[in-house]
Amino acid sequence: MPDSYYTADFEKLTRLVANMFARVVAHNDRLPLNTQKPTRFHSRAPPNISVDEYMQRVAKYASLEPACLLIMLIYVDRICERNPTFTISSLTVHRFIITAAVIACKTLCDAYCTNAHYAKVGGVSMHELNSLEVEILRMMGWHLVATQEQLEQYYFTLVRQDSGMVLHSDNTDAERSHDGA
């Protein structure tokens, strides 16, 4: 990973990931409703917390590491590739985020919290979180890890999509063009 990834302000990196989820939600919410039955991830109505606020909460209280944030985006792509009818929308994004965070932490971190803790952070019951975790694992075919190259690709994609980020021409580093990221 480029040096700027390791020195990036974690809150700003979290916001970049939250913004990516928010853009996906905004796009998918404009599509016609899928007539298939709802998934385990569907809520009856969108929660009263924005994607950004929810992501900040999960990142802070679930003690996410930067790589966890990136791999959550990889999980979205893997799931949608294997399950073309699944969409991240305002009705699914919050449950997806907490569940993907749990799996990312368990996959990438030496130490992680209990599902009871994650459930409390995410505002879901432990039983529901356990069910969601199994569902994501199944939907991804248990393909949980990513290569260094994949993580770098997702990081550079995030940076490029934020107007305040500038990639150096050698593609080995990225940094904020203003106020340091």
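So the values come out like this:
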| read-out | value |
| --- | --- |
| Scope region 76-114; condition among the aromatic types (F, W, Y) and closer than 25 Å to P32 by Cβ; matching residues | F86, F96 |
| Scope region 120-147; condition of a type in the set (A, V, I, L, M, F, W, C) and farther than 21 Å from C80 by Cα; matching residues | V121, V124, M126 |
| Residues being assigned to a loop (DSSP other than H, G, I, E, B) and either more than 18 Å from C68 (Cβ to Cβ) or in contact (Cβ under 8 Å) with a residue 24 or more places away in the chain (or both) - total across region 113-144 | 8 |
| Residue match in region 36-50 (condition: open to solvent by 70 Å² or more (accessible area, probe 1.4 Å), assigned to a loop (DSSP other than H, G, I, E, B), at pLDDT below 85 and among the β-branched types (V, I, T)) | no |
| Subset of region 92-130 [open to solvent by 30 Å² or more (accessible area, probe 1.4 Å) and small (G, A, S)] | A111, A116, G123, S125 |
| Check on M55, modelled with pLDDT under 90, within 24 Å of L151 (Cα to Cα) and open to solvent by less than 50 Å² (accessible area, probe 1.4 Å) | no |
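Every residue, every condition in (1) of a type in the set (K, R); (2) touching a His at 6+ places or on another chain (Cβ under 8 Å); (3) in contact (Cβ under 8 Å) with a residue 40 or more places away in the chain, yes or no:
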position	(1), (2), (3)
N28	no, no, yes
V51	no, yes, yes
I79	no, no, yes
R82	yes, no, yes
T87	no, no, yes
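The values are calculated or read from the model by the stated rules, or taken from the named source; none is laboratory data. Nothing here was measured: the structure is a model prediction, and the numbers come from that model. For neighbour counting, all protein chains shown are included, and Cβ atoms are generated from backbone atoms with ideal geometry for every residue, glycine included. These area figures cover heavy atoms from the full protein model, side chains too; ligands, DNA and RNA do not enter into them. Shrake-Rupley method; radii C 1.70, N 1.55, O 1.52, S 1.80 Å.
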